[in-house]
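Data first, discussion second: the structure below is written as structure tokens.
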Protein chains: 2
Amino acid sequence: MKLSTRGRYGVRLMFDLALHYGNGPIYLKDIAERQGISAKYLWQLINPLKSTGLINSTRGAHGGYVLGKEPERISLKEILQVLEGSLCLVDCVDSPSLCERSPSCISREIWGEASKGMQQMLENTTLATMVLRQQEKLQNEAGK
Amino acid sequence: MKLSTRGRYGVRLMFDLALHYGNGPIYLKDIAERQGISAKYLWQLINPLKSTGLINSTRGAHGGYVLGKEPERISLKEILQVLEGSLCLVDCVDSPSLCERSPSCISREIWGEASKGMQQMLENTTLATMVLRQQEKLQNEAGK
DNA sequence: CTTATCTCTACTGTTTTGGTAGAGATTATA
DNA sequence: TATAATCTCTACCAAAACAGTAGAGATAAG
């Protein structure tokens, strides 16, 4: 029932890129330092994110990473699906064939409905949402 | 992000008890057979469920288990909390002290909100709800 | 050509998960 | 009172997932 570090760190990685969106390629090393996560470990998340187009990279010196599209168009659901797989509480919701009981299984229906509650929230939240909320938070702090 | 077998089997165990609510103690062996789960494994779930009052037991011959209260008053959220622990996507939502970033962490806020979407669904669903839906399902089948 | 970066393969230790074994305690009933 | 059926408890185990590390190679800017 818990999100693994893959999902959590991945969102923070993408969020960091969103905060620096438009500033050219960002070094993984810098992200790692800002977020307090090992760069080696973060790199493992890059591959799947690249292959689904959520991230683009530039190699060589002065290389780095940028978002594959605007922050407004990247939802947390997308990110998590890439890093954690299907966002269902149980696998049989998306793949009924996993269990012969599926057609008549009430539990399965319930798991599906509960998963949806969470998924809709994550689908409606984009990186841009997070950036905005971060800015609001900083302003509130400053206004004290 | 997945529910473990503890949670899934536990709900099926409780659901089975709900289906036979009012018929006196139910043998664990019978539940195990009906649900296709090892009785030994199911037993591991009994302890926590008993200690939180969701189940009562009778020892000795003709012993067995009954629900600790009416099916209407047992929500899936209760069952899952006992078997899976806190129903949050990440631990820092319920225990901010786990991470020094908590006070300013936007991710954490998002995880909290997404968790809530799921939790409300699970809180509003009781064992009685499941029994009802099961009956409806059977009637629809029969009516075809 | 050197330096900073990304890319890739492989490995490893720890924790969680899912499950089993077997002995002991309790009670209905014959 | 014997016995059979059931719950109770401790301990153990194998496999998978998780979190992280090491080190060498490819690429491009200056």
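Taken together, the values in this text are just the output of simple stated rules run on the coordinates, not laboratory data. Since we're looking at a predicted model, the values are computed, not measured. We place every Cβ from the backbone using ideal geometry, glycine too, and count neighbours over all the protein chains shown.
Observations, loosely collected:
- Structural descriptor for chain A: relative contact order 26 percent, calculated from alpha carbon pairs under 8 angstrom and at least 6 residues apart.
- Centre separation in Å (Cα based) which lies between the stretch A:71-144 and the stretch B:14-69: 34 Å
- Reachable aspartates and glutamates from B:K2, criterion Cα separation under 16 angstrom, eight or more residues apart if same chain: A:E84, A:D91, A:D94, A:E109, A:E113, B:E84, B:D91
- Estimated 222 nm signal from helices in the protein assembly as shown, with DSSP H stretches of n ≥ 4 weighted -39500 (n - 2.57), rounded to 500: -18000 deg cm²/dmol
- Spacing of the modelled spin labels on B:Q135 and A:E136, each 7 Å from Cα toward Cβ, amounts to 4.5 nm.
- Highest-first arrangement of A:72-85, B:57-70, where packing means the average Cβ count within 10 Å: A:72-85, B:57-70
- Hits among lysines - C-alpha to C-alpha of B:K50 under 21 Å, sequence gap 8 or more where chains match: B:K29, B:K40, B:K69, B:K77
- Radius of gyration and maximum dimension Dmax of the stretch B:1-54, Cα, Å: 11.0, 37
- Computed over the stretch A:3-47: relative contact order in percent, which uses C-alpha pairs under 8 Å that are six or more apart: 41 percent
- Take the convex hull of the alpha carbons in chain A; its mean projected area over all directions comes to 10.8 nm².
- Nearest 10 degrees, 0 to 90: helix B:39-51 Cα axis against chain B principal axis: 70 degrees
- In chain A, the longest principal axis of the Cα atoms and the axis of helix A:127-143 are about 60 degrees apart.
- A viscosity of 0.692 mPa s and a temperature of 37 °C, combined with the Kirkwood radius over C-alpha pairs in the Stokes-Einstein formula, give the protein assembly as shown a diffusion coefficient of 154 µm²/s.
- For the residues of A:107-113, the average number of beta carbons from a partner chain within 10 Å of their own beta carbon is 5.
- 0 to 90° range, to nearest 10: angle between helix A:106-124 axis and chain A longest Cα axis: 20 degrees
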